[in-house]
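Colleague: Take this structure, written in structure tokens, and hold onto it; I'll ask about it next.
The values are calculated or read from the model by the stated rules, or taken from the named source; none is laboratory data. Nothing here was measured: the structure is a model prediction, and the numbers come from that model. Virtual Cβ from ideal backbone geometry, glycine too; neighbours counted across all protein chains shown. Note: accessible area is taken over every heavy atom of the protein model, side chains too, but ligands, DNA and RNA are not part of it. Shrake-Rupley method; radii C 1.70, N 1.55, O 1.52, S 1.80 Å.
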Amino acid sequence: MAEPPLLEVRDLRVRFRTGGRTVFAVNGVSFDLERGQTLGVVGESGSGKSAMLRAIAGLLPASAEMLGSVKFAGYPLKAEEILGAPDASVATVFQDPATHLNPVQRIGDALCETLEVRRESTGSSAKEEAVALLERVELPRARERMTSYPHQLSGGMRQRVMIALALACEPVMLLADEPTTALDVTTQRKVLMLLKRLQRETGMAMVFVSHDLAVVGDVCDSVAVAYAGHIVERGPAAELLVSPAHPYSEGLIRSIPTLDPECKVSAIGGAPPDMRIEPSGCPFAPRCPRCTPDCLDFAVPANDETEFAACLHPLIRVAT
């Protein structure tokens, strides 16, 4: 029998109930992730990227309703397996470490606490392991920083601490929710290189959520393009980011500024859909230059294929 994918997501749907209204945040997402691979999820703000990742991690608020299934190594993935079990194999790194680190807890104490829960290390053994983790993520003067509070560190340092906390869980899979967004370009590149090195060393798989296509191109093996809570296109990063098949993917790529004066930047016209209205038809149809009347009735399918474009009139992908 063939080994199942490390992560299997099938027809994932997330609904938020707020103020007597329902927000349709994720609308039928399916994909597989193999061991050691990195999947990038891109899209505009409000496209459902973070809600999708938090649903997989079991970190949705009480106001959310989740439908569909998420399996890890063939078994249903439950929140307690991530948050409390000593043998947890999934870890998360969030966008803004300043809001996820305890402001009144020294980073050494946070690491030792995590190591005590995950690896049952205590005392001096936990302290030395914590220092080793900080050195592994290339935090300068790691031993001295053990007594620092989060506010005493720069944004890049805090993100390295978050990565160290994730590594303390010895993850088989890392869920990274825009981990470099709040960082300057130089620090961003250093953190990305660190993540790539750690992935090579540990063999962990990664789901990398970002709105930055250049970052995704550097880090990811494949890309899933999210729009209005759907995955509208998926394919190898090297191909999709050069020659997309879905009009929305093309619009995202055309909106990226470049240093080439001959390359014109063009924004996607219109506005994203109101996610309080249950989607019907192709969600991108009102903004799509290739839209026809048939598109108004076309529903984006939940598709777990490694390469597809959910469009009735796709662009011709140029072989690379």
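Colleague: Would you check if residue 5 is farther than 21 Å from residue 300 by Cα and open to solvent by 30 Å² or more (accessible area, probe 1.4 Å)? Give the steps one after another, and end with the answer.
Modeller: Values: farther than 21 Å from residue 300 by Cα: yes; open to solvent by 30 Å² or more (accessible area, probe 1.4 Å): no.
Considered against the rule, which asks whether it is farther than 21 Å from residue 300 by Cα and open to solvent by 30 Å² or more (accessible area, probe 1.4 Å), residue 5 comes out as no.
Colleague: Please pick out the residue among 42, 14, 9 that is more than 14 Å from residue 207 (Cβ to Cβ) and among the aliphatic types (A, V, I, L, M). Before you say what the answer is, go through the steps one by one.
Modeller: On the way: 42 fails: more than 14 Å from residue 207 (Cβ to Cβ); 9 fails: more than 14 Å from residue 207 (Cβ to Cβ).
Answer to the check: 14.
Colleague: Moving on to the next point. Pick out the one residue from 267, 309, 228 that is touching a Ser or Thr at 6+ places or on another chain (Cβ under 9 Å) and surrounded by fewer than 20 Cβ atoms within 10 Å (Cβ to Cβ).
Modeller: Values: 309 fails: surrounded by fewer than 20 Cβ atoms within 10 Å (Cβ to Cβ); 228 fails: surrounded by fewer than 20 Cβ atoms within 10 Å (Cβ to Cβ).
Answer to the selection: 267.
Colleague: Scan (1) part of a helix (DSSP H, G or I); (2) at pLDDT 85 or above; (3) surrounded by fewer than 17 Cβ atoms within 10 Å (Cβ to Cβ) for the single condition residue 111 breaks and write down its number.
Modeller: (3)
Colleague: So the check is Cβ under 6 Å with 6+ separation or different chains; which pairs have a first residue in region 91-118 that's free of Cβ contacts under 8 Å to residues at least 24 places away in the same chain and a second one that's buried (at least 22 other Cβ atoms within 10 Å of the Cβ) and small (Gly, Ala, Ser)?
Modeller: Here the result reads 112/130, each pair linking region 91-118 to a residue that is buried (at least 22 other Cβ atoms within 10 Å of the Cβ) and small (Gly, Ala, Ser).
Colleague: Please go through (1) assigned to a loop (DSSP other than H, G, I, E, B); (2) in contact (Cβ under 8 Å) with a residue 60 or more places away in the chain; (3) open to solvent by less than 60 Å² (accessible area, probe 1.4 Å); (4) under 28 Å from residue 22 (Cα atoms) for residue 282 and return the number of the only condition it doesn't satisfy.
Modeller: (2)
Colleague: Tally up the residues in region 171-210 that are in a loop (DSSP other than H, G, I, E, B), open to solvent by 20 Å² or more (accessible area, probe 1.4 Å) and either basic (Lys, Arg) or modelled with pLDDT under 85 (or both), please.
Modeller: Going through region 171-210 one residue at a time, the tally reaches 4.
Colleague: Specify the residue that is farthest from residue 313 (Cα to Cα); the eligible residues are those in region 212-237 that are more than 13 Å from the chain's Cα centre (by Cα) and of a type in the set (D, E, K, R).
Modeller: 218
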